[in-house]
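Data first, discussion second: the structure below is written as structure tokens.
What follows is calculated from the coordinates using simple rules that are stated; it is not laboratory data. Small disclaimer: the values here were computed from a predicted structure and weren't measured. Positions of Cβ are backbone-derived with ideal geometry, glycine not excepted, and every protein chain shown enters the neighbour counts.
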Amino acid sequence: MGTEFKPSIEQQMLFRVPTARAFAAFIDPSITTKFWFSHSDGPLVEGKTVTWEWRPYRHSVAVNVVSIEPDKRIIIRWGDEIKNSIVEWNFEPRGDDATLVTVSNSDFAGFSADQLVPVAIDSMGGFSLVLANAKAYLEHGIQLNLIFDKAPDAIKN
């Protein structure tokens, strides 16, 4: 009798910006496209589904917005009908001008047992880059392009 393996990852980063600004960066694609994906067909709105695109990679993902608590928490389920997972962001004020942003990825559905560990590790690395990219952009206005520079040979011309 074995137990089912259910991976979950968590990453966090202190953003030296007010909580409302950190939260907006993950809701509003006009900001998020400066540090993560290249295009979205709309902002995150509870109960809606949007599509995020990484156009240089010719990759897109459906994002179902499960829950939004303004300036506190965002929960999405992303992926396709077979392979998907839950992503949750939490925003914890640290005084008036700082926010601890924690992101977790869990409930990986549709992956084989052999795929779960590599998918979770890839997720952990990806969210580390997203948080670092967002921090540089929100605090200093610098677009590091970490997402697209990580795998330049995967870019499709």
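Can you give me the angle between helix 113-140 and the longest principal axis of the chain, using Cα atoms only, in degrees from 0 to 90, rounded to the nearest 10?
10 degrees
Which of Pro118, Leu131, Pro93 sits closest to the plus end of the dipole of segment 9-145, meaning its Cα is farthest towards the positive end, when Lys and Arg get +1 and Asp and Glu get -1 on the C-beta?
Leu131
Distance check, please: which entries in Lys83/Lys135; Lys48/Lys83; Lys6/Lys83; Lys34/Lys83; Lys135/Lys156 exceed 22 angstrom between their Cα atoms?
Listed pairs above 22 Å: Lys83/Lys135; Lys34/Lys83; Lys135/Lys156.
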